[in-house]
Amino acid sequence: MTDRQPTETRNLDIYGNATLEWSRVIDALSCPPTADLSWFLGTVQPDGRPHAAGVGAMYLGGDMYVVSGPRTRKSRDLAANPACTLSVRMEGIDQGRPLGLLTRRHSNVRRPNTVGGWPVEVENDAFTAPYSAPSAGPPPWHLYRFVLHTVFGVGSAEPHGATRWRFS
C-alpha cells in the first residue's frame, strides 16, 4: 500500500522558513513499533467536553491505527462522534501537534500472531491477548483506523518551519 500524499500544502511559518517536506513526517512516523513515540487521542464526549487519552498507535501505509476496548471513554466517544485528533511527539517535529483525522472502526482484522511484537489472538472482529496497555481497557480490543484529513507540523530541529498538509 502506498502512503497518501497531501493534496494541499500551506506554509504557516511566520519567520521566513521554507515549507516542511511531507517526507520528513513520513520518515519520523515510519519507525519500528518499539520506538519511543508519545501519542494522544482527543475525542469529544456526548456533552461536548473534550477528552484526551494517551494511546499506543502505529503508522502503516498512510493511516494510523489504535487498539481500544469498546467500554473505554475514547471508544464510546468515537462511536458517537468520529471527530477527533491524534497528536504525536516525533523526532525533529514539535511536540503535540494535532493530526486532524477522520476515523472508523476497522473490521477487517487479519489473523496476526503479534501486533507490534506482542502476542495476540483474533476473536470475531476483535483482538485479545494476555496483556495490553491499561489505557486500552479490558479485552476484547477493537482496531481503529484513522485516515488523514489535515496534519500540522512544526520543525523543532533544522530545518525549522511550520506547515499544514491537507488530504482528500
Filter the stretch 10-51 down to the residues that are loosely packed, with under 15 Cβ neighbours inside 10 Å, polar (S, T, N, Q) and touching a Ser or Thr at 6+ places or on another chain (Cβ under 9 Å), then identify the one that is farthest from Ser87 (Cα to Cα).
Asn11
Among Pro140, Pro130, which is the only one that is modelled with pLDDT of 70 or more and surrounded by fewer than 16 Cβ atoms within 10 Å (Cβ to Cβ)?
Pro130
Looking at the stretch 1-40, which of the residues that are under 29 Å from Ser68 (Cα atoms) and of a type in the set (Phe, Trp, Tyr) is modelled with the lowest pLDDT?
Trp39
List, please: which pairs have Cβ atoms under 9 Å, are six or more places apart or on different chains, and start with a residue in the stretch 78-98 that is modelled with pLDDT under 75 and end with one that is assigned to a loop (DSSP other than H, G, I, E, B)?
Asp94/Ser156; Gln95/Ser156
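The values are calculated or read from the model by the stated rules, or taken from the named source; none is laboratory data. Keep in mind that what you see is a predicted model, and the values were worked out from it rather than measured. Positions of Cβ are generated from backbone atoms using ideal geometry, with glycine treated the same way; all protein chains shown enter the neighbour counts.
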